[in-house]
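Heads up, the thing below is written out as structure tokens.
The numbers here are math on the coordinates, done by the rules we state, and not lab data. A quick note: this is a predicted structure, and the numbers were derived from the prediction, not measured. Cβ placement follows ideal geometry from the backbone for every residue including glycine, while neighbour counts extend to all protein chains displayed.
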Amino acid sequence: MTDRHLVDVHIMLVRGGEVLLSRRRSADEFDGRWHLPAGKLEAGESATAGAAREALEEIGVVVDPADLRHIHTAHVVGSGREARLGLFFEAVNWSGEPVNREPDKCYELAWFALTALPGDVIEYPAAGIRAYFTGATYSQRGWPVSRPSGQRVERTSAIDGFRLAYDRAGAGTPVVLLHGWPSDRTEYRDVVSLLPTLDVVVPDLRGFGASDKHLADPSTQYSVDAQARSVIGLIQELQLDRPVLGGHDIGSRIAVAVARLRPDLIRELVLTPPLPGIGERILSAEAQREFWYVPFNQLRLPDELIDGKPEAVRAFLRHFWSHWSGPGFALADDHLDHLVSVYSPPGAFTASLAWYRVGTGGVARIAAERAPAPDERLAVPTTVLWPDDDVLFPSGWADRLPDYFAELQVRHVHAGHFIPLENPRAFATAITDAANRGTAARHSP
């Protein structure tokens, strides 16, 4: 039980579209990472007086407390030994040129464009920087998330500074399930209930749900290999013995990367589209009418129009969940409400788009994909569930899968794009079959 709270004051100096950041010098995991000039409030001083004092002590500028505009308050646990309240202020005016007056605590000061921050900003102060754009006055981070039953969500240790939240249920052969976009780990809720004899772990991916969301360079921290590193870390931390790895949508791409990087860790794969082999077909006029969202998500426009705005988030999510679903399926109102609640906090929607902001366009990467040599195909046994009513990925696009997977089963499934929710029994059956095959193979004479 935390027995006290610290109060931190953070100072934003903004000029010419740039913000001043300090690179931390410390003996902890935050060493070398960027943050705002900040310090602890002392006894007997107001928050604005404390912020003005810290500005002078740390960076040598004089700020009148009356010139400090409150931007944001963050309630944080896990960014240090004690829980803390962070008060973020913008210095509307100041005098003097910033200098590093505490070299024992700071490697350097630097100005960065607000639209091009470094990839390793500490998430705690990043919440205040985001609020400068969104106008959000409050956030909280690191506190245990409760399920409706009161069960606490588990969290992994950090990989690249990212901790994954995950649910775990059952006992038996291990299974890890990776969700798609625009979703979170709850898309497997109906699948998990059909797997009572298996040890099922369902994480939120980096940037989604209750997992960490950092202002970081997407190409290094949200790429398929970066996501795979976190999944590999989860498997190793939980000491899962060669789990069946299931993936849907972007979760399938990440599952393939895990199997490519560490095939020794995985028993079998169970996947849905998108998968290798689509190739140049994604550039057809018909396909591009559906894939407009990929270049749209790479723009900063959706951040301005949607991030932090619950009704805009609801409209955006509703479009995809209705348009991509097969005939006769409608996402339950309570499930849509849940997704709106996790995509609506300031920064959450933007974090979910980091997958699409990795280097050059995702559509171009798919179009340029080429089959490996036959002896270099992925050797992990793979079952692909291909929906028969997916507006994004027609069933005919499954024809090239054997060029990429050496040991392959393809099952055509009655569903739209969201197989785990539209046909959970088909997904659960494929998982169970994979678990049973792997167990039988390991115990055969």
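Some observations on this one:
- Within the stretch 1-123, the proportion of C-alpha pairs whose separation exceeds 26 Å stands at 15%.
- Size descriptors for the stretch 238-312, from the alpha-carbon set: Rg then Dmax equal 17.0, 46 Å.
- For K309, the aspartates and glutamates whose Cα falls under 17 Å of its own Cα, not counting residues fewer than eight places away in the same chain, are D337.
- Segment D241..A43, full-extension length gain: 66.0 nm, with 0.36 nm per residue of separation and the alpha-carbon distance subtracted.
- Loop-located trypsin sites (Lys or Arg not before Pro) in the stretch 1-84 (DSSP state not H, G, I, E or B) with no more than 15 neighbouring Cβ atoms inside 10 Å: R4, R81.
- Modelled FRET efficiency - R0 25 Å, R400 with R260, Cβ distances, 0.05 increments: 0.90
- Cα gyration tensor shape for the stretch 259-352, rounded if a/c is under 1.5, else prolate or oblate: prolate
- Prolate/oblate/rounded label for the stretch 84-124 (Cα gyration tensor, a/c 1.5): rounded
- Relative to the longest principal axis of the Cα atoms of the chain, the long axis of helix 47-59 lies at roughly 90 degrees.
- Working note: Cα gyration tensor of the stretch 364-439, eigenvalues times five, square-rooted, sorted largest first, giving semi-axes of 22, 19, 8 Å.
- Volume per residue that the Cα convex hull of the chain spans, once the total is divided by residue count, Å³: 159 Å³
- Taking amide H positions as modeled 1.01 Å from N, with prolines and chain starts lacking one, the residues under 5 Å from G39 and 5 or more places away or on another chain are V9.
- Restricting the stretch 20-74 to GluC sites (Glu not before Pro) that sit in a DSSP loop and have at most 11 other Cβ atoms within 10 Å of their own Cβ leaves E29.
- Charge dipole of the stretch 172-291 (Cα centre as origin; +1 on each Lys and Arg Cβ, -1 on each Asp and Glu Cβ, all else neutral): 140 debye, rounded to the nearest 20.
- Per-bin percent of Cα-Cα distances, the stretch 178-295 [5 Å]: 2, 10, 19, 23, 20, 13, 8, 4, 1, 0
- Per-residue ellipticity at 222 nm from helix content only, as computed over the chain with -39500 (n - 2.57) for each DSSP H run of at least four residues, stands at -8500 deg cm²/dmol.
- The alpha-carbon atoms of the stretch 58-132 define a convex hull whose volume equals 121 cubic angstrom per residue.
- Angstrom value of the Kirkwood radius, inverse mean 1/r, which spans all Cα pairs in the stretch 94-250: 17.8 Å
- Placing R0 at 35 angstrom, the Cβ-Cβ distance between L6 and T137 gives a FRET efficiency of 0.95 after rounding to 0.05.
- Each of R437 and R101 was given a label point 7 Å from its Cα along the Cα-to-Cβ line. The distance between the two points is 6.7 nm.
- Rounded FRET efficiency, nearest 0.05, which uses the C-beta distance separating S284 from D31 and R0 of 51 Å: 0.55
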